[in-house]
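K.L.:
Below you'll find the structure I mean.
The values are calculated or read from the model by the stated rules, or taken from the named source; none is laboratory data. Computed from a predicted model, the values in this text were never measured in an experiment. FYI the Cβ positions are ideal-geometry reconstructions off the backbone, even for glycines, and counts take in every protein chain you see.
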Amino acid sequence: MKDIHEYDDIISLPHPDSAFHPRMSLLERAAQFSPFAALTGYDDAVKETARLTDEKIVLSEEELKQLNIKFTLLMPHIKERPEVTLTRFIADEKKSGGRYLTETVRIRRLDPVKRILITEDNRKISLDDITDLQNEFLKTEPFE
């Protein structure tokens with residue numbers, strides 16, 4: 001059995017301080033025992049994989065025809081900078097798919113050759129990404 005009084009001669013001595021290294025704070029001492037993440041970025045990768053995206057909808061011939069009619073009816077009003085509500089697809093930068101966004105914008109220019117719509121705040125929106133377009137002078141029911 002061990003002698004319980006083995007260290008009685010040094011127990012009351014002051015703690016030795018190094019002449020070369022400053023004393024560590026409690027926070028620094030605790031940090032050396034903090035958990036170690038061996039797989040850095042793994043949690044972010046799992047979250048990114050779990051994030052859902054929508055697939056881009058392919059419009060039917062009839063839906064494309066209706067949308068083109070709306071753009072044609074909109075063309076004479078471009079100088080008035082009409083306000084329209086459009087639904088468009090925004091491709092995801094990190095994975096396949098994307099999301100749909102419905103927003104109200106003011107149109108500055110519509111270029112049918114380059115197939116872009118330029119908003120009043122100079123954003124360029126591809127006509128191919130637009131799935132719906134609404135305005136007070138555009139009918140919501142199908143066109144004949």
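K.L.:
Would you mention how many residues in the range 46-101 are under 20 Å from the mean Cα position of the chain (by Cα), hydrophobic (A, V, I, L, M, F, W, C) and farther than 14 Å from Asp129 by Cβ?
P.N.:
The qualifying residues number 3.
K.L.:
I'd like to check something: does the range 68-75 contain any residue that is surrounded by fewer than 14 Cβ atoms within 10 Å (Cβ to Cβ), assigned to a helix (DSSP H, G or I) and among the β-branched types (Val, Ile, Thr)?
P.N.:
yes
K.L.:
For residues that are closer than 18 Å to Arg108 by Cβ and either assigned to a strand (DSSP E or B) or of a type in the set (Asp, Glu) (or both), tally how many sit in the range 76-90.
P.N.:
Residues in the range 76-90 being closer than 18 Å to Arg108 by Cβ and either assigned to a strand (DSSP E or B) or of a type in the set (Asp, Glu) (or both): 6 in total.
K.L.:
Search the range 1-46 for residues being part of a loop (DSSP other than H, G, I, E, B) and acidic (Asp, Glu), and hand back the single one that is nearest to Lys95 (Cα to Cα). Write out each step before concluding.
P.N.:
Initially, the range 1-46 is screened for residues part of a loop (DSSP other than H, G, I, E, B), giving 1-25, 32-41.
Next cut, acidic (Asp, Glu) only: 3, 6, 8-9, 17.
Working: Asp3: 68, Glu6: 66, Asp8: 67, Asp9: 68, Asp17: 56 Å.
Top of the filtered list is Asp17.
K.L.:
Take Ser96 and tell me if it is loosely packed, with under 12 Cβ neighbours inside 10 Å and of a type in the set (S, T, N, Q). Full working, then the answer.
P.N.:
Numbers: loosely packed, with under 12 Cβ neighbours inside 10 Å: yes; of a type in the set (S, T, N, Q): yes.
Yes; evaluated as a whole, the condition is true for this residue.
K.L.:
Only one residue in Glu63, Glu103 is charged (D, E, K, R) and modelled with pLDDT of 95 or more, so which one is that? Step through it out loud before you land on a result.
P.N.:
Working: Glu63 fails: modelled with pLDDT of 95 or more.
After ruling out the rest, the residue left standing is Glu103.
K.L.:
Another one. Would you say Thr49 is part of a helix (DSSP H, G or I), of a type in the set (S, T, N, Q), surrounded by 10 or more Cβ atoms within 10 Å (Cβ to Cβ) and at pLDDT below 90?
P.N.:
Values: part of a helix (DSSP H, G or I): yes; of a type in the set (S, T, N, Q): yes; surrounded by 10 or more Cβ atoms within 10 Å (Cβ to Cβ): no; at pLDDT below 90: yes.
No.
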